[in-house]
């Protein structure tokens, strides 16, 4: 059971090592309550997130994908998240076009100190995905 | 523009290059085939008419010797994009430009004559006259042109060394280019999802779309086929087919020059160019960028602005 | 008299419905602007006006099939390192009828049979499907763009590989059973006596034969010029325009090359067999990185060689090409294999 009250869904999160992963850690250390649907994959930088990672996840079983990196101007590698921003915006619009609700995909910026914000992002995004329900039909979900 | 004028230019260029890439008659009267000319005798067989559909510029990155290539307006965008990305040595390429008023979609012509074998083809005044065993049929070229010609903005090549004919201006409104995309977006989310699933389910993974695409420069190292990384399996499921077409589309983000080759070559008639055109419409909207127009430009995914004027942070 | 039969055109759907009671029936149907073999269901429209874009080969030799599935299981709680592997194979191919393919498509299957069945170790997957399938071919009245079946020993009404041959005789279809399987099919459904149409069908078939183009001499003894075949210059001239895609091989009713891969997730997976295409660079790429056929010229040469030299050498002069013309019709660059073979048979042309 997910904390949102229905069956747990599969949400994949790509988090940059330097900010958002730290932010998630801060939230954990602070014992902020979060829904448990999210599976985190740590990446060096949001610029490492190939838009195709998101596509692959959504096509092979994920119900939602969240990407989070350092705030613009704060990238550990100076400019990785600037590239990410362009790519992910392009992807967001493409997913909608091919018939995947744009609400299933979200990208945002969370710094290592923003534990509270992280809690908010995860909770709100999980809620949003739960409102849409599973992306894949039930038969596939069973296994 | 006459074939004679074109032959004259080919003969003039031929001594300085290894090959001139043009067109010649194919296995039947409706099919024209790419033609690698090496000698003046070859040049005699060159043709130019509305059936010369192939984008010949796509051969350039794989050729090492100095080559001349014949391009229509749309094909020239391929060369501009190659120049932007440093994929060709411009000094090694001689461009013979042809102002073009529109080509013919062979698929549409065949459909119009019920797929009867074509015995003869004649052109007269913006019309194409098709002879089959069932008789003659006259079609307006405007009615059987590929969709790209209906909104063509660049009838005259953007770059060329020789121009075979007088430059022509586009008569099509610039706003019309992405109208089909806007129209498609009026469908519901489910309709769009079903549409793409049904279309891509026809895919046989022959990779003709990829191999014909001038901007698919990875070719033999395409991640659709590598085992490591293992992006997609060899399975034939809807997901794998969809994934392949997403790879193609996303790798062309901000680079697709809309030559329509992917769609033209598909033996299963899948509208493979649609996803790419959608991305292009977004590139125009977000970054006011049109691929393959200015050699000095940088593809939008290769660069950034610290403040993006049109990208707003999304709220949950 | 069950060897021949006649059906008026309006009865054709009844015929298919009767067939589909005991078997899965595949028939050509229009999908958008293309023709594909689809499972026939009641009331569904047929499309017989032109050959299918992709013939029925994928029914008997699927583009992707699971040979076996495997599952790694830890059954011993005492020893967590011990892993058992469970293997499973499934076969549930139902009796099938392929209706309305062309004689060239049926001939293609005979090319496969020699490779997959007529060997010391027959391929059980292929054999099962082949044995359970009945082929009802539809004779062509006229050639389509690119067709050259007569030049490779076939014909618009060739019977090789078919169980039943069907001919359009104007007001209906004339059926001839060619094999025991075919006779069984004709017996199983009510049909008018066809004897009176036999002559008319024969005339239509021989008329059609005359209309097919002959890009090279029909004589099977005519050898390809080895000198030209070995010349890089020749191949450069004829296939520089090739874009190395797999459209020709995947659509070809006689191309049978495949690849076997294990597709696995963490603890289970499948061993699958999928079509492969000799036009791809990866086809011959070796683990070391060496590729014996590194260029499209070499690859194309192999494709022509396989069909017109190596296969005939191995199988009593049978050419591994049925002349359906698909590789010509659907080639992105309009490469014409019949023209190339024409040059090889008669080098003086070039």
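Where a number appears in this text, it was derived from the coordinates with a stated rule and is not lab data. Please read all numbers here as calculations on a predicted model, not as lab measurements. Don't worry about glycine lacking a Cβ; one is built from the backbone with ideal geometry, like all the others, and counts go over all protein chains shown.
Please compute the modelled spin-label separation between residue C:218 and residue C:262, points set 7 Å along Cα→Cβ, answer in nm with one decimal. Using points 7 Å along Cα→Cβ, the separation is 5.2 nm. Here each label is just a point 7 Å from Cα along the line to Cβ, and for residue B:142 and residue B:217 those points are 3.9 nm apart.
Pairs of Cα atoms nearer than 8 Å and 6+ residues apart set the relative contact order; for segment B:104-144 it is 34 percent.
Other protein chain C-beta atoms within 10 Å of residue C-beta, averaged over C:332-342: 5.
FRET efficiency for the pair residue C:33 and residue A:29, taken as 1/(1 + (r/R0)^6) with r the Cβ-Cβ distance and R0 = 60 Å, rounds to 0.50.
Sequence-distant contacts, meaning Cα pairs under 8 Å at least 6 residues apart, place the relative contact order of chain C at 20 percent. If you wrap the tightest convex hull around every Cα atom of segment C:236-289 and split its volume per residue, you get 121 Å³.
Can you give the percent of C-alpha pairs in segment C:248-350 whose distance is more than 23 Å? In whole percent, the long-distance tail amounts to 37. Top mean-square fluctuation among C:150, C:261, C:159, Gaussian network model of chain C, C-alpha springs under 10 Å? Maximum fluctuation in the GNM of chain C, among the listed residues, is at C:261. Sorting B:248, C:290 from the fewest to the most surrounding beta carbons within 10 angstrom yields C:290, B:248.
Residue separation of residue B:186 and residue B:49 scaled by 0.36 nm, minus their Cα-Cα distance, works out to 45.6 nm of gained length.
Within segment C:160-192, what residues put their amide N at less than 17 Å from the label point 7 Å along the Cα-to-Cβ vector of residue C:21? Zone members listed by number: C:184-192. Helix-only arithmetic for the protein assembly as shown: the sum of -39500 (n - 2.57) across DSSP H runs with n ≥ 4, divided by the residue total, places the mean residue ellipticity at 222 nm at -9000 deg cm²/dmol. Tilt of helix B:3-13 relative to the longest C-alpha principal axis of chain B, in degrees (0 to 90, nearest 10)? For helix B:3-13, the angle is close to 80 degrees. Look at where the Cα atoms of segment A:64-133 and of segment B:184-236 average out, and the two centres are 25 Å apart.
Compared with the dominant Cα axis of chain B, that is its longest principal axis, helix B:273-287 is turned about 70°. Rounded to 0.05, the FRET efficiency of the residue B:16 and residue A:6 pair, given R0 = 56 Å and the Cβ-Cβ distance, is 0.20.
Calculate, in whole percent, how much of the Cα-Cα pair population of segment B:104-144 lies beyond 14 Å. Everything past 14 Å amounts to 34 percent. Here the Gaussian network model covers chain B, with springs between Cα atoms less than 10 Å apart; of B:161, B:228, B:143, B:228 fluctuates the most. Could you tell me the calculated FRET efficiency between residue C:49 and residue B:4, based on Cβ-Cβ distance and R0 = 56 angstrom, to the nearest 0.05? Using R0 = 56 Å, I get an efficiency of 0.90. Counting every other Cβ atom within 10 Å of each residue's Cβ, C:308, A:53 order from fewest to most as A:53, C:308. Considering only C:233, C:78, C:313, the mean-square fluctuation computed in a Gaussian network model of chain C, springs between alpha carbons under 10 angstrom, is largest for C:78. Modelled spin labels at residue B:314 and residue B:108, positioned 7 Å past Cα toward Cβ, are 3.6 nm from each other. Scaled against 2.2 N^0.38 Å for its residue count N, the alpha carbon radius of gyration of the protein assembly as shown is 1.03.
Counting neighbouring beta carbons within 10 Å and listing from fewest to most, the residues B:93, B:103, B:306 come out as B:306, B:93, B:103. Counting Cβ atoms of other protein chains within 10 Å of each Cβ in B:111-119 and taking the mean gives 3. Neighbouring Cβ atoms from other chains, within 10 Å of the Cβ of residues in B:273-285, number 2 on average. Short-range pairs are left out: with C-alpha atoms under 8 Å and at least six residues apart, the relative contact order of segment B:173-300 is 27 percent. Compute the long axis of helix B:238-251 from its Cα atoms, compare it with the longest principal axis of the Cα atoms of chain B, and write down the angle in degrees, 0 to 90, nearest 10. Compared with the principal axis, the helix lies near 70 degrees. Calculated translational diffusion coefficient of chain B (20 °C, 1.002 mPa s; Stokes-Einstein with Kirkwood radius over alpha-carbon pairs) equals 102 µm²/s.
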